[in-house]
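What follows draws every value from the coordinates through simple rules; no lab data is involved. In this text the structure is predicted, and so the values were computed from the model without any measurement. Virtual Cβ from ideal backbone geometry, glycine too; neighbours counted across all protein chains shown.
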Amino acid sequence: MTANAPEKIASLTNRQRFLAACRCEAVDRPPVWLMRQAGRALPEYRKLKEKYTFLQLVQTPELAAEVTLQPVRRFGFDAAILFSDILTIPEALGQPYRFRETGGIEMDFKIQSAADIEKLSVECVCEKLNYVSNALKILRTELGDQTALIGFSGSPWTLATFMMEGGSAEKYTRAKALFDADKKTFSALMGKLTAAITAYLQMQIASGVDALQIFDSHGGHLPANEFQEASGLWMKEIISAIGTPNSSSASFKKPSARADQEIGVPIIAFSLGTHGNWDDLADLGANVLGIDYNVRIAEVRKKLPAHIGVQGNLEPSLLLTTPEKVAAETSRILAEMRGARGHIFNLGHGVLPESKVENISALVETVKNFR
């Protein structure tokens, strides 16, 4: 470490801090952002929802950018994550979705056969999702060099579970049944999803994101011995195709602020409920692994290679309690992770709609004051 390195660390912008943590470099404190930080719990978001539907907010670039920026303005997060939805991919493939009045998601039809899969079209995915690109370009301008911008997608497995159930379901069984009964047809669906997601994430890189997160929210529905074949290998293929500093094929690069430099775009893989599969998750090639709230993140850190960062993992329901409880548990996690490189503070899942604004503030301030 050079003599002026501590000064450089102390003067990091939020964006630099986040990207340094993704690379497992030294930082002054862990960067902080929250899954589902945009919307849901914020009064300014609820005010917009009085005028616009969720899909209108997602599909109108100016509105999506505004919702993305709201939590950054209020809390000063180190990173903003695009306000969107994982089901934009199925819709662009030809399977539209909407929100039921009684809650949850409903798609126009279920994927039930090889013929249904054959009808899904990958070719125009990026064209149909141009509104996402436009929103990201607005955000890159608004955030400038101060705050990192995160793009995202659902994983092939998680998207397949929704597509085969035709939306939200009490139990997601149809994708697993297809995996068990007909590997060829299952692979055809996953292949199309993998190609679509790869193109979509590459479009997000070209539109200015600093990092990407892949949400494998239903990864925990799989038995540990089947996770790799049903979900992991498809995520690994996406990450390899995009290229990250930790992958074997770092072929896709994003121009940095300086013309004489190139940096890889870090990828965060979040697979909910698969906390026993650390070897499988480490093999994905992601720079950072999102850790759910059912395990102690410090113990996970010890089991992973030093070059892979960890993100998490406060229990989301704590944001329904009191600022004192939130601050205490946040401090415990920070203390246990003290000195560990590559820690990005987050929840162990997304912000709940009933979360209290004062509790989110307590979380962020506790992280920002940690030394």
Q: May I ask you to compute the full-extension gain from L48 to N225, defined as 0.36 nm times their residue separation minus their alpha-carbon distance, rounded to one decimal in nm?
A: 59.3 nm
Q) Which far-off residues, 5 or more places away or on another chain, put their amide H under 5 Å from the one on A80, with H placed in the peptide plane? A) A148, L149, I150
Q) Can you flag which of K49/K137; K137/K368; K183/K236 are past 20 Å Cα-Cα? A) K49/K137; K137/K368
(Q) Which one, A286, G219, L143, is farthest towards the positive end of the dipole of the chain when Lys and Arg carry +1 and Asp and Glu -1 on their Cβ? (A) L143
Q | Amide H contacts of I344 (H built 1.01 Å from N, under 5 Å, at least 5 apart or other chain) | A | V310, Q311, G312
Q. When a footprinting reagent is the concern and you count Cβ atoms within 10 Å, what order do D283, D292 take, fewest first?
A. D283, D292
Q: Quick one: net charge around P353, please, counting Lys, Arg +1 and Asp, Glu -1 for every other residue with C-beta under 10 Å from its C-beta.
A: +2
Q: Counting only DSSP beta bridges with both residues in the chain, tell me the antiparallel percent, nearest 5.
A: 20
Q.
I'd like the Karplus ³J(HN,Hα) series for region 119-130: coefficients 6.51, -1.76, 1.60, θ = phi - 60°, whole numbers in Hz, and an x wherever there's a Gly or Pro.
A. 6, 5, 10, 7, 4, 10, 4, 5, 4, 5, 9, 4
Q: Please name which of M190, I111, L55 has its Cα lying farthest along the dipole of region 33-309 towards the positive end, using unit charges on Cβ (Lys, Arg +1; Asp, Glu -1) and the Cα centre as origin.
A: L55
Q: Give the long-range amide H neighbours of Q213: residues separated by 5 or more places, or on another chain, with amide H under 5 Å away, using H modelled in the peptide plane at 1.01 Å from N.
A: G151, F152, S153, I268
Q.
Please list, in order along region 311-316, the HN-Hα scalar couplings obtained from phi with the Karplus expression 6.51 cos²θ - 1.76 cosθ + 1.60 (θ = phi - 60°), rounded to whole Hz, x for Gly and Pro.
A. 10, x, 8, 4, 5, x
